[in-house]
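The structure appears right after this line, and notes come after that.
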Amino acid sequence: MVSQKTENFKTSIGGQALIEGIMMIGPEKKALAVRRPSGEIKLEMLPQGKASRIEKIPFLRGSVKLVRQMVLGIKAMYRSADLSEILEEDANEPAPSEESHAAEIAEQSEDKENRVAEVAECSEVERDTLEQETAPPATSTEVFDSETASCCEASPKIPEKSKKKASWLDRHPDVFMAFTTVLALGLSVLLFFLLPNAITEGLRRLFAFNSPTDFGGQFALNLVEGALRIAIFVIYLALTRRQKEIKRVWMYHGSEHKTIACYEAGEELTVENVSTKSRFHPRCGTSFMFLVMFVAILVFSLVGWYSPLINALLRVLLLPVIAGISYEIIKWAGRSDSRLAAWVSKPGLLLQRLTTAEPDAAIIEVAIVAMKAVIPGDQSDRW
C-alpha cells in the first residue's frame, strides 16, 4: 500500500513509454507494465543493476547514463512488444493433425505396394531395371526392403513437429542489443548532427562565404546549423506522430508524465487524480534532446569551423561533452522552481506537444501500476 503524500516534492523517479506499456525507474526498483491483448496488465520487475563510479561524477555521468538508458529502453521496448502481441508468428498456421499424417503415410505405403507388384510381374531384366529406377534413397532402403520382405505395412509413427532452429542472434541477445544501440546512436548522429552540418557547409559555399576565423562568424554558422538541426528534429517528430502506433506510444508518454506529476503533488494515484495533471514535465527525453541541440551551438562555436571531414569528426568526439552538460542542466531544471529553470524548460515543454498525447483511463491504469511498483518506502526518491 502506497502511503499518502501530503506535500509537494520533486521525485527522481522517471520513466519511458513503450508499446502498450510503461517502464518506470526508481532509486531501488525498475518496473515494466504492459496491457495484454486480454485486457490484463502484466507487471514485470527488471534487474536494477549497480551504478558505476563514473555515473556519480558531474559532467561525465550524462553520456554514460544516456547510453545505458538507450540499451535499457531498447530491451524494454522489445519486451513490451512481446507481451502486447496478439498472435505469435506460427499461430496462423495450424499444426498438421494426426489424421492428415496417417493419410499421407498410408498413401505412400500404397504407392510402395504398387511398385512391388509391378516389379513382380516384370521379367528378370526388366525387374532389375525397374528396381533401380524405383528404389528409394540409400537412407530409406532398409525400410523399403523390410516392408517388401514381410509383405506387411509398417505402422508409421507420426513425426513430431520440427522445432525451428534458433538463429545466431536469438542465441546471442547481448550482441543484438549492442548492434541495435550502435545503430540507433549512429542514425541519430547522422540525422541530427552530420546532416545539418553538411547542409550548412553547402550553403556557405553556395553564397561564397569564407570560412570564419573569428568567434562571431563561427557562431553565425553554428547558429544556422543549430536551427537546421532543430527543424529536422521537429519535422521528424511531426512525421512520426502521424503513425497510429506512435500515437499510442505518445499517449503512454503523456500518462507517464501525468502519473509522476500526481505523485509529486502528494495525491493518491487514481485514474481520476492522474487525469487532471499536465502531460508536460521538465524532466523529459524530449526536453533533453532540445538542450543537447542548444548546447551544441555554443560548444561547436568555441572549437571553430573547418573542413567538412574535421567538422564531422569534432561533432562525434564532442557529443559526450555536450550530453554531459545537457544532463546537468536538465537535472537542475527538474529540481528547481526558479524562474530561470522555468525559462530553460520552456522550449522542451513546447516540443512535448508533439511527443505526448492525452491518455485514456485504460492507459493511465498501466502507468499507475508501474509507478506504484517502484515507489520506495523510505522516500529515498525525494530531491
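State whether the residues of region 351-358 include one that is of a type in the set (A, V, I, L, M) and in contact with a strand residue (DSSP E or B) (Cβ under 8 Å, 6 or more places away or on another chain). No, region 351-358 has no match at all. For region 171-196, the set of residues classified as closer than 16 Å to residue 68 by Cα and among the β-branched types (Val, Ile, Thr) consists of 175, 180, 181, 182, listed by residue number. Taking only pairs six or more apart or across chains, which ones have beta-carbon atoms under 8 Å, a first residue in region 205-217 that is not assigned by TED's automatic domain parsing to the domain that holds residue 298 and among the small types (Gly, Ala, Ser), and a second residue that is surrounded by fewer than 10 Cβ atoms within 10 Å (Cβ to Cβ) and in a loop (DSSP other than H, G, I, E, B)? Hits for this filter: zero, empty list. Remark: residue 22 matches the filter, which requires a residue to be of a type in the set (Val, Ile, Thr), surrounded by 21 or more Cβ atoms within 10 Å (Cβ to Cβ), under 24 Å from residue 84 (Cα atoms) and touching a strand residue (DSSP E or B) at 6+ places or on another chain (Cβ under 6 Å). The set of residues from region 159-207 being in a loop (DSSP other than H, G, I, E, B) and modelled with pLDDT of 70 or more comprises just one member, 207. Among residues of region 272-290 that are closer than 14 Å to residue 357 by Cβ and modelled with pLDDT of 95 or more, those with a Cβ under 8 angstrom from a residue that is β-branched (Val, Ile, Thr) and in a loop (DSSP other than H, G, I, E, B), sequence gap 6+ or separate chain, pair up as 279/356; 280/356.
Residues in region 215-255 that are among the polar types (S, T, N, Q) and at pLDDT below 90 were compared, and the one that is nearest to residue 301 (Cα to Cα) is 218.
The values are calculated or read from the model by the stated rules, or taken from the named source; none is laboratory data. Note that the structure is predicted; figures quoted are calculated from it, not measured. Neighbour counts are summed over all protein chains in view; Cβ atoms, including those assigned to glycine, are modelled from backbone coordinates with ideal geometry.
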